[in-house]
Structure formats: C-alpha cells, structure tokens
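What follows is a short report on a single structure.
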Protein chains: 2
Amino acid sequence: MSGNKEIEIEEYLSQIWTLLDPSEQELVKDSTLIKHFKKNELIYRENEDPKFLMCIFKGKVKIYKEGIGGRNQIMRLMSPVQYFGYRAYFANEAYVTEAAAFECSTIAMIPMEIIEELIMKNNALAMFFIRELATDLGESDERTVNLTQKHIRGRLADSLIFLLEKYGTEADGCTINIYLAREDLANLSNMTTSNAIRTLSSFCSEGILTVDGRRLKILDETKLRKINKFG
Amino acid sequence: MSGNKEIEIEEYLSQIWTLLDPSEQELVKDSTLIKHFKKNELIYRENEDPKFLMCIFKGKVKIYKEGIGGRNQIMRLMSPVQYFGYRAYFANEAYVTEAAAFECSTIAMIPMEIIEELIMKNNALAMFFIRELATDLGESDERTVNLTQKHIRGRLADSLIFLLEKYGTEADGCTINIYLAREDLANLSNMTTSNAIRTLSSFCSEGILTVDGRRLKILDETKLRKINKFG
DNA sequence: AGAGAAATATGTTATAAAGCACAAATATAA
DNA sequence: TTATATTTGTGCTTTATAACATATTTCTCT
C-alpha cells in the first residue's frame, strides 16, 4: 500500500513533482493523503478553512457556489491531473466555493503549510502557482461575459463545447465523456433546469446532437460553435 | 525630474518596494517608466501583448471586457496604490481585457521581464503575486454569482456599495468619491444604460440617495445593503 | 418486483429586463 | 456665443427567461 502510494504520487503529481528536489519530494510524499470520494460526495464546503492543496488523480470534480434560492453556479470543472482547493489559503480566506465529486474520484491532499513552506524556498514552484492562478483568473473573466451577456442558446452551446474540449469524447468520437444531470448542465450555463432541458431538446430537433439519458452525442459541432459565437 | 521620480517610486511602490533588497530596488527604479493618462484614455487594449506591471499612483482606472453588441462589462476598478496589467503575462496570453483611465491618472510601468527575473530569486515577491491573484480570483467568483443571479436593483445596489467602499466619500461623508457616467455604472452592474438610469431614479424616490449629475450621495446605506442582500 | 423518489419532458403563464422612441439637459467644439 | 454632439431621463413595447403545473420516465431502495 505504501509502495503503491509512492508510485501513484510520483506518477500523478507530475506537474509539480518535477519542480521539487529529492528532499522536497520526500517531504511531499510523506505528508500527502490519498482520499477517495463517492459519486456526489462533498469534498469541501463554503466557509470551511482551506487546509490542503488537492490534486485530482481520478474522476471528475465540480467547483461551485451556492447562489440565490438554491440555484448553484458551477464555476470550474476539474479533471486529472489538476490542482485545486488552494486559492482560499493563499488569499487567507475561508472557501467561497464548494467542491463535490461528479463520480467516484481519487484525490491527493497535500497540507498547505507544506506547500507554503516549499514555495518560500522553491521559485519554480511559486511560479507554477502564479501561472495557474493567472490562467484561472483569465478564464473567469472570459466566463463572466459569457454568462452575463449571451442568451440561453449561446450559453448552453458554450457549456457543451467546454465539456467536449475538457473531457473529450468516447470511442465513437462524438459522445461527450462526462454524464451530467440536466440540473448540473443548467448550473454550468446559468439557467433553470427546465430551460436546460428545453434548449437541449431544441438542439436535438435541429440535428445538432442526440440525447440518450445523460449521454450527449454531438452531431454538428460547427453549428454548435456558430450558436456559441453568434446567438 | 529624476530625483523626483525616485521619491515617487519609493513612496508609491511601497507594497513591493519593502520586499526588495537594495540592488533589486535599484533595478526596478532604473527600469520604471512613469506615464500619464488623460481622462478616458486607453491604457492597454484587448489582444495586445502584456509588457508591463502597472501600478496606479494617481487616478482611477477601469478594467473591462468588450461584450456583445458593444456592451462592455467592467471587471475590476483600480485605485492608488494597486497593481494590474500583469495577469496575462504570467498566463502567457495576450490581454483578454482593456484598461482605461476614468480620470487623469499617473501610472508606473515596470517591464514584466524584470519582474519575472526578480520573482525567480525573491520568494517574498512571488508570494505577493500569488496573494494578489488568489484574492482577485476569489472576488471574481463572488462577482460572477452577483452579476448572474441578482436582479437589477440588487446588482445596482451592489455596485454602489462597492464604489462606496472602494473610493470612499467626500468630506460630507456620503458623496461617493468617484463620478461615473450612467453607462459605466450600467457596465459595472450588467444592465443597459436606461435601466441604470431608471433604477437610480427609483432609489432616489425611495430616499436611498440623491443624484446631482454624476455625484451620488448615499443617504440610506442600510437600505442599500438590504436591497443588495435580499432583493 | 413494486413503491416511492428523483429526474426528465413539455406546455402555459408571469415578469424582469431589453429595446425603442423621443424629449430634455448638459457638455463640447467651432 | 451658437451649433452639435453626448448624456440623461421617461414612457411604451417587446422579448427572453423564470416560474409554475403536470405528465412521464428513470432511478433507488426495501
């Protein structure tokens, strides 16, 4: 088990692993916890104190914010091997978002005290986090305009393309490789569940995609991109 | 002039200045440009390559994104002494936003190559940027939900409180210390100009504030906060 | 397998906010 | 100054989207 853990960590933490010297690697290895989360299980909640840098080894995670009247807004989606859960610690805040697993997921938890300590000595690691945060902030700016200014069809199209690019397709080359409830699709696209359902079936009858439960098969990506861009 | 410049830089760059050793300070001092921008002048534009870390010494700056049909979305507002313009460089991207001066402004421009070089050696400086970015990202998440889920009155109330907290008041203790066009107020609050005007005059007749051109006098902050929170 | 719960689907109604038109006031420039 | 453009203010209309109601299908658990 511990031997197994080592292999996992080295293999999966690749992005930051290569930035660490052997003694730093040792420190991280010894303090990393591997946790498993069941489908729909909460990973962290709003107002909680951030304690870990999390790295998703397996599965899919949503980071969302509770909105008004129970309407959640999904802010970011994570896939292997991405890092999350550290922002609030750096900002010296409690979490302003929540995270939950879409499906059974394996997540490495590295104590933020360790990370902070390493950053103070290791500039390449510091630069890694600067880059991550800078990229996320840019995406967030882009997203804000999408969510506030586009109409429903454009917002849903945007989400579908995002999912397609983020999680890819199954062997058939067109079924999006993540199965979201209509409610999650709505929360991602800033609309009500019924409008997500309605708009999805419009796209169906327009030959843009087919729906089989939660499996979404994109038939006409060009058309989808056109809707995303123009309206 | 050069002696004058030195004093300005030391005084104004205080936040990062104290993190630098004498030789680093020298390097920054020698490479910093001080630029003046007129009212409404563009500071950088979308798709341009980021070259400078900017620090606003005097004035007020908006960072915004061109949206659909010419509807801009103001993402952030800057006041002395804040840093901006560096995110895209760290993310290795062109600018996704534009920046313009609300009023006559003085801005220090430090080449990003210098900053990057310093970060690689100076961990406290790296940590400063990590904190800045982490804070901005948290605010952005918060903002997204505000802009997408609140109704017009709540969004405008939110903007007014934000302006009040960010720029403070004049000597009278209630006139917001920034004068925005209705259009800017609209772009800040994700609404059309006519709705900003309309809602503002509603607030007027409800005794929440008085309007004198672009001077906004907040009479009932409690009520405004209530609208921001609930409806 | 069957009961209950949850998710999906679809039609109808209500409403918030945009769009448009135009007037008045203010700023800018010749 | 006068002339022109820009900004602000108001009323009316239209439209996008939420809210509601109600089936129907699909999951979940005993």
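The values are calculated or read from the model by the stated rules, or taken from the named source; none is laboratory data. What you are looking at is a predicted structure, and each value in this text was computed from that prediction instead of being measured. All Cβ positions, glycine included, derive from the backbone under ideal geometry; neighbour counts span all protein chains shown.
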Requested in this report: Could you figure out which of (1) in contact (Cβ under 8 Å) with a residue 60 or more places away in the chain; (2) surrounded by 18 or more Cβ atoms within 10 Å (Cβ to Cβ) isn't true of residue B:146?
Outcome: (1)
**Report entry** Unmet criterion (only one of (1) buried (at least 21 other Cβ atoms within 10 Å of the Cβ); (2) within 16 Å of DNA strand D (Cβ to nearest atom); (3) within 7 Å of chain B (Cβ to nearest Cβ)) for residue A:68
**Finding:** (1)
Requested in this report: Please enumerate the residues belonging to segment A:101-111 that are among the aliphatic types (A, V, I, L, M) and surrounded by 19 or more Cβ atoms within 10 Å (Cβ to Cβ).
Outcome: A:101, A:107, A:108, A:110
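Scan A:193, A:210 and give me the residue that is farther than 19 Å from residue A:146 by Cβ, more than 13 Å from DNA strand D (Cβ to nearest atom) and among the polar types (S, T, N, Q). Even if it seems obvious, please write down each step before you answer.
Details: A:193 fails: more than 13 Å from DNA strand D (Cβ to nearest atom).
Only one candidate qualifies: A:210.
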Query - Qualifying residues in segment A:180-192 (those that are within 8 Å of DNA strand C (Cβ to nearest atom) and surrounded by fewer than 16 Cβ atoms within 10 Å (Cβ to Cβ)) - the one farthest from the other protein chains (Cβ to nearest Cβ) - result: A:181
Report summary line: Taking segment A:207-231 and keeping only residues that are of a type in the set (Asp, Glu) and exposed (fewer than 14 other Cβ atoms within 10 Å of the Cβ), one is left with A:212
Report summary line: Cβ pairs under 8 Å, 6+ apart or interchain, first in segment A:212-231 and farther than 14 Å from residue A:202 by Cβ, second in a strand (DSSP E or B) and more than 16 Å from DNA strand C (Cβ to nearest atom), ordered by first then second residue, are A:218/A:169
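Look through B:130, B:114 and report the one residue that is more than 14 Å from DNA strand D (Cβ to nearest atom), surrounded by 19 or more Cβ atoms within 10 Å (Cβ to Cβ) and closer than 27 Å to residue A:135 by Cβ. Reasoning before the result, please.
Numbers: B:114 fails: surrounded by 19 or more Cβ atoms within 10 Å (Cβ to Cβ).
Result of the check over B:130, B:114: B:130.
So that you can scan it fast, the table gives a plain yes or no per residue for (1) more than 16 Å from DNA strand C (Cβ to nearest atom); (2) away from every other protein chain (no Cβ under 14 Å); (3) at pLDDT 95 or above; (4) assigned to a helix (DSSP H, G or I):
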position	(1), (2), (3), (4)
B:154	no, no, yes, yes
B:161	yes, yes, yes, yes
B:164	yes, yes, yes, yes
B:194	no, yes, yes, yes
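Have a look at A:185, A:156, A:164 and point out the one that is more than 16 Å from DNA strand D (Cβ to nearest atom) and either within 14 Å of the chain's Cα centre (by Cα) or of a type outside the set (Gly, Ala, Ser) (or both). First the steps, then the outcome.
Working: A:185 fails: more than 16 Å from DNA strand D (Cβ to nearest atom); A:156 fails: more than 16 Å from DNA strand D (Cβ to nearest atom).
So the residue among A:185, A:156, A:164 that is more than 16 Å from DNA strand D (Cβ to nearest atom) and either within 14 Å of the chain's Cα centre (by Cα) or of a type outside the set (Gly, Ala, Ser) (or both) is A:164.
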Query raised in the report: Filtering segment B:10-55 down to residues that are under 17 Å from the mean Cα position of the chain (by Cα) and hydroxyl-bearing (Ser, Thr, Tyr), which residue is surrounded by the fewest Cβ atoms within 10 Å (Cβ to Cβ)?
Result: B:12
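Kindly evaluate residue A:198 against the criterion of being among the basic types (Lys, Arg), within 16 Å of DNA strand D (Cβ to nearest atom), more than 21 Å from residue A:80 (Cα to Cα) and not assigned by TED's automatic domain parsing to the domain that holds residue A:79. Full working, then the answer.
Values: among the basic types (Lys, Arg): yes; within 16 Å of DNA strand D (Cβ to nearest atom): yes; more than 21 Å from residue A:80 (Cα to Cα): yes; not assigned by TED's automatic domain parsing to the domain that holds residue A:79: yes.
It is true that residue A:198 is among the basic types (Lys, Arg), within 16 Å of DNA strand D (Cβ to nearest atom), more than 21 Å from residue A:80 (Cα to Cα) and not assigned by TED's automatic domain parsing to the domain that holds residue A:79.
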